[in-house]
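Let me begin by handing over the structure; questions about it come next.
The values are calculated or read from the model by the stated rules, or taken from the named source; none is laboratory data. The structure presented is a predicted model; accordingly, all values stated were derived computationally and were not measured. Positions of Cβ are backbone-derived with ideal geometry, glycine not excepted, and every protein chain shown enters the neighbour counts.
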Amino acid sequence: MLSNHITKKAGKNGPSKAHKPMQMTRPDSIHIIADFSNCQPELLEQSHTGEMILQKAIETSGLSCVMIRSHQFKPSGYTAAALLTESHITLHTWPEHLAVQIDIFTCGSHDKARKAYELLKKEFKPGQIAEKIIFRRLDSLAET
């Protein structure tokens, strides 16, 4: 069972001065899932391109990057992931289909997530987009 408050306990030097419960807020998260097709093939082939696009999306949106990593597939295509303090952004490319699949999840600012998504649309210039936006809340989980 999860508790919605924290009480400080006595430390090595005796009881803590603060015994009042602190209210915890539960994150209100946004999850953007998108499939872009008919994209420019040169943006889908090399992982360093995906890393640069992720860096630009993060900087433009104001999200906080911990690290960006990628895996290069042969002969072409990549998976690139940005670990954010707020969560993550991933790109999975399919050059043979002129497609990229995008996943943005953050428990931070919805506006920043949307700005990052808009930048990805601008960069990849897809001919078609299939997208789904999910709003996730921990308080929707039943506590027993």
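If you check every pair at least six apart or on different chains, which have Cβ atoms under 7 Å apart with a residue in the range 108-131 that is loosely packed, with under 15 Cβ neighbours inside 10 Å and at pLDDT 95 or above first and a residue that is among the hydrophobic types (A, V, I, L, M, F, W, C) and not in a strand (DSSP E or B) second?
The qualifying pairs are K125/C39.
Considering A57, A99, A82, which residue is modelled with pLDDT of 95 or more, closer than 12 Å to L120 by Cα and out of contact with any Lys or Arg (no Cβ under 6 Å at 6 or more places or on another chain)?
Going through A57, A99, A82 in turn, just one is modelled with pLDDT of 95 or more, closer than 12 Å to L120 by Cα and out of contact with any Lys or Arg (no Cβ under 6 Å at 6 or more places or on another chain): A57.
Here is a list of conditions, (1) in contact with a helix residue (DSSP H, G or I) (Cβ under 6 Å, 6 or more places away or on another chain); (2) small (G, A, S); (3) assigned to a strand (DSSP E or B), and A116 meets all of them except one; can you say which number that is?
Single failed check for A116: (3).
Another question, if that's okay. Output the residue which, of all residues in the range 47-62 that are buried (at least 18 other Cβ atoms within 10 Å of the Cβ) and of a type outside the set (G, A, S), is farthest from H110 (Cα to Cα).
Ranking the qualifying residues of the range 47-62, first place goes to T49.
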